[in-house]
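The values are calculated or read from the model by the stated rules, or taken from the named source; none is laboratory data. What you see is a predicted model; the values in this text were computed from it and never measured. So basically every Cβ, Gly included, is an ideal-geometry build from the backbone, and we count neighbours across all protein chains shown.
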Amino acid sequence: MSQGQSGTPVLILKEGSSESKGRDAQRNNIFAAKLIAEIVKTSLGPRGMDKMLVDTLGDVTITNDGATILKEIDVQHPAAKMVVEISKTTDNEVGDGTTSAVVLAGSLLDNAEDLIRENVHPTIVVDGYRKAAAKALQILDKIAIPVPPTDRKWLIKVAKTSMASKLISKESDYLAALCTDALLAVAEKVGDDYRVDIDDVKVEKKPGSGLRQTELVKGIILDKEVVHAGMPKRVEAAKIALINSPLEIEKTEFDAKININDPSQIKQFLDEENSMLKTMVDKITDTGANVVICQKGIDDIAQHYLAKANVLAVRRVKESDMTKLAKATGGRVVTNLEDLTEKDLGKAQLVEERKVEEDKWVFIEGAKNPKSTTILVRGATQRVTDEAERSMHDALMVVKDVIEHPFVVVGGGAPEAELSYQLRDWANSLSGREQLAVQKYADAMESIPLTLAENAGMDPIDTQVELRSKHGQGKKWYGANVLAGKVGDMEAEEVFEPEAVKQQIIKSATEAASMILRIDDVIASSKMKAPPMPPGGAGGGGMGGMGGGMED
């Protein structure tokens, strides 16, 4: 609101709107983003702690996966939401490194704040950061180690590193091999490169026995049971019909009346229905199919005829599973029964119903072309199984990253410490205030190995000094060896991570920090008159008159 020439007030914003400008707005945004980084910071690395998240219904999630933590907590502050988005993109793109991306973004903002306090203009800081990020990516390319894309030994090392910071680390030898084998089975060569579709590896989970019982099935597991008790529970040399239409008589769309004058007409009517269903079943069995997987329902009478024909049938299977089955067995999903021919049938060595805990599931194994595999994750309790499934997702994604972009770097914060060292060196060749921004970027890079060290109870100052001296001596793979509680050569420890993950962390953290730094004005429109809030239920949102009206 400002005064017009005649002294009358001029209203620009709606009444009740709030605006914070300049330094206030910036301080507020940076503070909010740093708070998000603080939340996940303690969960970084093999010595990181887990978070217990309880939602409004009382459901509990226990995890140390950055993306999951931030997805589960309802973040209100608009600047904090931007930081949550980086963890989401990192998760979607490369699958791992979500916590690191958030910690780095928080540290970049923290360091930028020092410069802004000294009257360095935010735009200069942003430009310096952008240059530093571009230089960091160049250095990363130079120090990355090329690996053969389908070398099982290397892929297992990468998967083990990803699992080291997770709850499943104690079984990482066994589980890393499972992840690697599952992906090598579905990797396809395109020209000189390999492509992996992560959807080709289905992850099913079932609590009950220990993590060690997790198994890899070269085929598909359907969480359904065989529809009829009279059907065989095991079919070898299966020929599978994949059907996407109901094996039922369709009801008419409008009310139809049938006038019956004679009891025999009822019988005739029912017989007609039966014979229609029998024709459907005959159509399937004539092609030589001995397994039917149906996406829709199967009528009781059709079930009876299928059981008589000794066919194993499963109904109401998810569409995504149908697609995977088609891929794995080489069959075709048929929408119209009339079109079904012997050519459309998929092949598998074995289709069998097995009891998994209290449920019965159908396993389709030894598929003709196992371009689709399933990992059945087991764990002692529901919570452990859920977290194991999330960890398997991260491990699968890092193996995929290396198959598609076959370069790795050493883990344990070593590449970040090396980048920090080389960026500091490079900053000396720059002039003006950008030099300060690049130096701050280098400082922020160190936050990763230092956070790892701190979470392991190591002294951050000693660690920083030692890391700088080792990297100054040209020992580029020295990082925080948190299991031994000292700075050490991480290459000797066989800790490897995909270069693609590091690239993504640098890109997304720099972009998010730059975006937040450029904001100098926050205008929050007033909320609609909401019903009065229950006491104590005001949500963790409005920081300094923000939060309001800024939800997605």
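Could you go through the range 340-359 and let me know if any residue there is acidic (Asp, Glu), assigned by TED's automatic domain parsing to the domain that holds Lys224 and part of a helix (DSSP H, G or I).
Kept after step one, since they are acidic (Asp, Glu), are these residues of the range 340-359: 342, 344, 352-353, 357-359.
Checking the rest, the ones that are also assigned by TED's automatic domain parsing to the domain that holds Lys224 come to 342, 344, 352-353, 357-359.
Still in the running and part of a helix (DSSP H, G or I): 342, 344.
Yes.
From Ser87, Ser100, Ser20, which residue is modelled with pLDDT under 85 and either crowded, with 19+ Cβ neighbours inside 10 Å or β-branched (Val, Ile, Thr) (or both)?
Within the list Ser87, Ser100, Ser20, the selection yields Ser20.
From (1) of a type outside the set (D, E, K, R); (2) touching a helix residue (DSSP H, G or I) at 6+ places or on another chain (Cβ under 8 Å); (3) at pLDDT 90 or above; (4) surrounded by fewer than 24 Cβ atoms within 10 Å (Cβ to Cβ), pick out the condition that doesn't hold for Thr510.
Of (1) of a type outside the set (D, E, K, R); (2) touching a helix residue (DSSP H, G or I) at 6+ places or on another chain (Cβ under 8 Å); (3) at pLDDT 90 or above; (4) surrounded by fewer than 24 Cβ atoms within 10 Å (Cβ to Cβ), only one is false for Thr510: (4).
Just a yes or no: is a residue in the range 188-195 crowded, with 19+ Cβ neighbours inside 10 Å and not assigned by TED's automatic domain parsing to the domain that holds Ala348?
Within the range 188-195 (the criterion being crowded, with 19+ Cβ neighbours inside 10 Å and not assigned by TED's automatic domain parsing to the domain that holds Ala348), the answer is yes, since at least one residue qualifies.
Is there any pair with a first residue in the range 126-149 that is over 19 Å from Val495 (Cβ atoms) and a second that is at pLDDT 90 or above and of a type in the set (Phe, Trp, Tyr) whose Cβ atoms are under 7 Å apart and which are 6 or more apart or on different chains, and what are they?
So the pair list comes out as Gly128/Tyr441; Tyr129/Tyr441; Ala132/Tyr441; Lys135/Trp426.
Being without any contact (Cβ under 8 Å) to a residue 60 or more places away in the chain, outside any loop (DSSP other than H, G, I, E, B) and either of a type outside the set (D, E, K, R) or in contact with a strand residue (DSSP E or B) (Cβ under 7 Å, 6 or more places away or on another chain) (or both) is the filter here, so list the residues in the range 18-72 that pass it.
Selection gives Leu35, Ile39, Lys51, Met52, Leu53, Val54, Gly66, Ala67, Ile69, Leu70, Glu72.
Search the range 353-387 for residues being of a type outside the set (Asp, Glu) and free of Cβ contacts under 8 Å to residues at least 12 places away in the same chain, and hand back the single one that is surrounded by the fewest Cβ atoms within 10 Å (Cβ to Cβ).
Per the stated criteria, the residue is Lys355.
Out of all the residues in the range 470-477, is one or more in a helix (DSSP H, G or I), modelled with pLDDT of 90 or more and charged (D, E, K, R)?
Yes, the range 470-477 contains at least one residue that is in a helix (DSSP H, G or I), modelled with pLDDT of 90 or more and charged (D, E, K, R).
Of all residues in the range 321-339, which are out of contact with any helix residue (DSSP H, G or I) (no Cβ under 6 Å at 6 or more places or on another chain), in a helix (DSSP H, G or I) and of a type outside the set (Ser, Thr, Tyr)?
Asp321, Met322, Lys324, Leu325, Ala326, Lys327, Ala328, Glu338, Asp339
For the range 478-496, how many residues meet the condition of being under 17 Å from Ser162 (Cα atoms), outside any loop (DSSP other than H, G, I, E, B) and in contact with a helix residue (DSSP H, G or I) (Cβ under 7 Å, 6 or more places away or on another chain)?
3
Take the conditions over 21 Å from Leu109 (Cα atoms) and surrounded by fewer than 21 Cβ atoms within 10 Å (Cβ to Cβ) and apply them to Gly432. Does it pass?
no
Of Asp110, Asp141, Asp114, which residue is acidic (Asp, Glu), closer than 30 Å to Asp425 by Cα and crowded, with 16+ Cβ neighbours inside 10 Å?
Asp110
Answer yes or no as to whether Ala309 is among the small types (Gly, Ala, Ser), under 27 Å from the mean Cα position of the chain (by Cα) and at negative phi.
no
Restrict the check to the range 335-342 and report whether at least one residue is touching a residue at least 40 places away in the same chain (Cβ under 8 Å), closer than 15 Å to Val226 by Cβ and touching a strand residue (DSSP E or B) at 6+ places or on another chain (Cβ under 8 Å).
Checked against the condition, which is being touching a residue at least 40 places away in the same chain (Cβ under 8 Å), closer than 15 Å to Val226 by Cβ and touching a strand residue (DSSP E or B) at 6+ places or on another chain (Cβ under 8 Å), the range 335-342 yields no hits at all.
Consider only pairs whose beta carbons are under 9 Å apart and that are at least six residues apart or on different chains; among these, list those whose first residue lies in the range 77-90 and is within 10 Å of Ala33 (Cβ to Cβ) and whose second residue is modelled with pLDDT of 90 or more and not in a helix (DSSP H, G or I).
none
Just to be sure before I move on: is Thr63 surrounded by 20 or more Cβ atoms within 10 Å (Cβ to Cβ) and either in contact with a Pro (Cβ under 9 Å, 6 or more places away or on another chain) or under 29 Å from Asp520 (Cβ atoms) (or both) in the structure I sent?
No.
Do you know which residues across the range 25-38 are more than 11 Å from Pro78 (Cβ to Cβ) and either outside the structural domain of Leu104 (by TED's automatic domain parsing) or in contact with a helix residue (DSSP H, G or I) (Cβ under 8 Å, 6 or more places away or on another chain) (or both)?
Gln26, Arg27, Ile30, Lys34, Leu35, Ile36, Ala37, Glu38
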